[in-house]
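Each remark here refers to the structure printed beneath this line.
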Amino acid sequence: MSMPQVRSSRFTFTSWQVLDGQASVAFSFHCDQFGDFTETVSWPVAPEELAQYFEGGGRAIGDLLWVALGVSYYKAGAARHIDLPPLPAAGRAMAEALYTEGLAEFFVRAELPYPADIEFSGPVTDDTLRRPDRVEPGAALVAFGGGKDSYVARAILQQAGEDMRLVSATLSGAVQSVLRATAPDEITFIERALDASLAGASAAGFNGHVPITAINMLLLSVLGAIKGYPQVVFANERSADEPTMKMGTVVANHQFSKSGPFETHLRQAMLAADPDTPRPYSILRPYSEAWIGRAFARLKAAHPKFTSCNRNFRLAGDAEKRWCGRCAKCAFTSLILAPYLNRQEAKVAFGAAFLDAPELLSFYEELCGLTDHKPWDCVGTIDECRASLWRASQSADWQDSLAVTQLLPKVSRILNDEELESIWLRALEPDDGTLVPATYLRAGEDLSR
C-alpha cells in the first residue's frame, strides 16, 4: 500500500541567469520537499543578442517567464506557500492567477483543496510608465502547433499580406519532427530542457496539467523582441473562455491560459514590465470554434497535414500517425469540421470517418454536455458542439452516423431545432471589442465567408 502524498510547505524562485557564450537561460527553483530544479531555455538567436536583451528592459520580462516556467516544478509538491520574486502589481496579479485559476484542473483532479489555499509572498514593485495597450499590424511571429487553429491564424495574416515566421516551443526532437511534418512553411524552434529530476519528483508527489500557453506566449515574446517582430500572434479562440467543469462554487478551465481574461492579465503584466517587448495576442479571439472550422475547411492543402491529436505529440510520439482515433481531440476536431466536410474529405483529414467510431462515442457525449463535465482538453463550448452535431445531421454523409443517431436525440431533449439553429448562427458571428486590428478582421471575413 503506497503512502499518501504529502504537500510541501514552500516553493521558492531562487535565481535565473543567461549562460555565458550561449543563447540559453537557466531558471532555478526550490521546493522544500524535492529540492532544487533548474530548467534551461534556448532561443534561436546569437548569444550576444540574448544577453543584450536580458541586460536591458527584457530583465523584467525574464522575471515573468521565470514565474510562468515555475508551474511545472511547483505542482510536484503543491506547496501551500509560494515566495514570488519582485514583480510589479500587474505581474503579481498575473502570477497569482496563473498559480490558482491556471492550476485549477491540477488541484481538482489531484483532489487538493480548490479554490486554492496558497499563501503568496514577495515584494510588489512600482510599475513602469504605462502606455495604451493596443495591437498594430506588422511582421509577426506566429505560434504554430500543427492544428487547424494555427493554420487559420496563418491564413488570416497571409490574406492580409503580412510577413510572418512560424515558431514553436518544444521539449523534444520527436515533437519537432511532428511539427515539421505538419507545417506549411519552415518552422523555428525555441527549446526547453526540463530538469532531469522533475520526472521522479512528479512520480513521488503530484502531477497534472499546467497552463502551457502562458509559458509559450512569453517565450515567443522574447524572440519577437530580439528579432524585431512587432507582433506575436497566437490562435486562441473565444470558445476557450468556457470552463471545463462547474460544480457548485468550483470552476475549472483546462484552457485558462488560452482565455481572454488571462491574455489580459499577461499583457498588462508585460506592459508594466517592459512596454517595448511585443505583447502576444490571439488573432482568433473574436471567433468560435465553429467559425474556425468553416475557415479551415476551405484550406484544402492543410487537410492531409494537420493534427491536433495529443497522443501524437507525446515526447515519444509517432510522427507517422496524425490521429489516434481514441482521444477527446480526435472527437472534437472531427465534430467541429463535420458540418463542412463530406465523408471522403473527412477521410483525407483524419484517415477515417470518426463520427462512426464507437471508441469516440463517450467523448462526443462529454463534448455535447451529456455528462458531468467536458473533456479535460482544449475543446469548444458545449453549445457549439451540440449545434455542430445538429448541423452535421442535415448532411446525407452524416445523418446516419453513429454519433448523430446515438446522441442527437439526447441533445434534442435539451434544445429544440430552433434553439440549435440560433446557437449555430451566433457561433458564426465574430465578437466585437477585441484587440485584433481591423485589417485582420476583414481578412478573416474574406477567408471564412
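Checked against (1) out of contact with any helix residue (DSSP H, G or I) (no Cβ under 6 Å at 6 or more places or on another chain); (2) assigned by TED's automatic domain parsing to the domain that holds S388; (3) closer than 27 Å to A169 by Cα, D377 meets all criteria but (1). Of all residues in the stretch 239-280, those being of a type in the set (D, E, K, R) and within 17 Å of P375 (Cα to Cα) number 4.
At pLDDT 95 or above and surrounded by 14 or more Cβ atoms within 10 Å (Cβ to Cβ): is that true of S15 in this structure?
Taking the combined requirement at face value, the residue does not satisfy it.
On inspection, L64 passes the criterion of being under 16 Å from I215 (Cα atoms), of a type in the set (A, V, I, L, M), in contact (Cβ under 8 Å) with a residue 24 or more places away in the chain and surrounded by 23 or more Cβ atoms within 10 Å (Cβ to Cβ).
Residue by residue, here is whether (1) out of contact with any helix residue (DSSP H, G or I) (no Cβ under 8 Å at 6 or more places or on another chain); (2) closer than 23 Å to H209 by Cα holds:
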{"site": "Q231", "(1), (2)": "no, no"}
{"site": "M247", "(1), (2)": "yes, yes"}
{"site": "Q255", "(1), (2)": "no, yes"}
{"site": "S259", "(1), (2)": "no, yes"}
{"site": "T277", "(1), (2)": "no, no"}
{"site": "Y281", "(1), (2)": "no, yes"}
{"site": "S288", "(1), (2)": "no, no"}
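Going by what's in this entry, would E445 be described as of a type outside the set (S, T, Y) and out of contact with any helix residue (DSSP H, G or I) (no Cβ under 9 Å at 6 or more places or on another chain)? So E445 passes the test.
Does the stretch 373-388 contain at least one residue that is over 24 Å from the mean Cα position of the chain (by Cα) and either of a type in the set (D, E) or surrounded by fewer than 24 Cβ atoms within 10 Å (Cβ to Cβ) (or both)? No - not one qualifying residue is present in the stretch 373-388.
For the stretch 195-203, the criterion of being of a type in the set (S, T, Y) and crowded, with 21+ Cβ neighbours inside 10 Å is satisfied by no residue at all. Annotation: of all residues in the stretch 130-176 being of a type in the set (D, E) and in contact with a helix residue (DSSP H, G or I) (Cβ under 7 Å, 6 or more places away or on another chain), the one that is nearest to T277 (Cα to Cα) is D133. Could you say whether any residue in the stretch 421-439 is over 28 Å from the mean Cα position of the chain (by Cα), in contact (Cβ under 8 Å) with a residue 24 or more places away in the chain and over 30 Å from V232 (Cα atoms)? Checked against the condition, which is being over 28 Å from the mean Cα position of the chain (by Cα), in contact (Cβ under 8 Å) with a residue 24 or more places away in the chain and over 30 Å from V232 (Cα atoms), the stretch 421-439 yields at least one hit.
Checked against the criterion of being of a type in the set (S, T, N, Q), surrounded by 16 or more Cβ atoms within 10 Å (Cβ to Cβ) and touching a Cys at 6+ places or on another chain (Cβ under 8 Å), the stretch 3-10 has at least one qualifying residue.
If the condition is being assigned to a helix (DSSP H, G or I) and farther than 30 Å from R109 by Cα, then the stretch 357-401 contributes W390, R391, A392.
Answer yes or no as to whether Y53 is among the aromatic types (F, W, Y), part of a loop (DSSP other than H, G, I, E, B) and in contact (Cβ under 8 Å) with a residue 24 or more places away in the chain. Considered against the rule, which asks whether it is among the aromatic types (F, W, Y), part of a loop (DSSP other than H, G, I, E, B) and in contact (Cβ under 8 Å) with a residue 24 or more places away in the chain, Y53 comes out as no. Taken together, the residues in the stretch 27-39 that are buried (at least 16 other Cβ atoms within 10 Å of the Cβ) and either small (G, A, S) or under 27 Å from the mean Cα position of the chain (by Cα) (or both) amount to 8.
In the stretch 26-37, the residues that are more than 19 Å from D63 (Cβ to Cβ) and not assigned by TED's automatic domain parsing to the domain that holds V71 never reach a residue that is surrounded by 23 or more Cβ atoms within 10 Å (Cβ to Cβ) and of a type in the set (G, A, S) with C-beta atoms less than 8 angstrom apart, at least six apart or across chains.
The values are calculated or read from the model by the stated rules, or taken from the named source; none is laboratory data. Small disclaimer: the values here were computed from a predicted structure and weren't measured. Cβ sites come from the backbone with ideal geometry, for glycine too, and all protein chains shown count toward neighbours.
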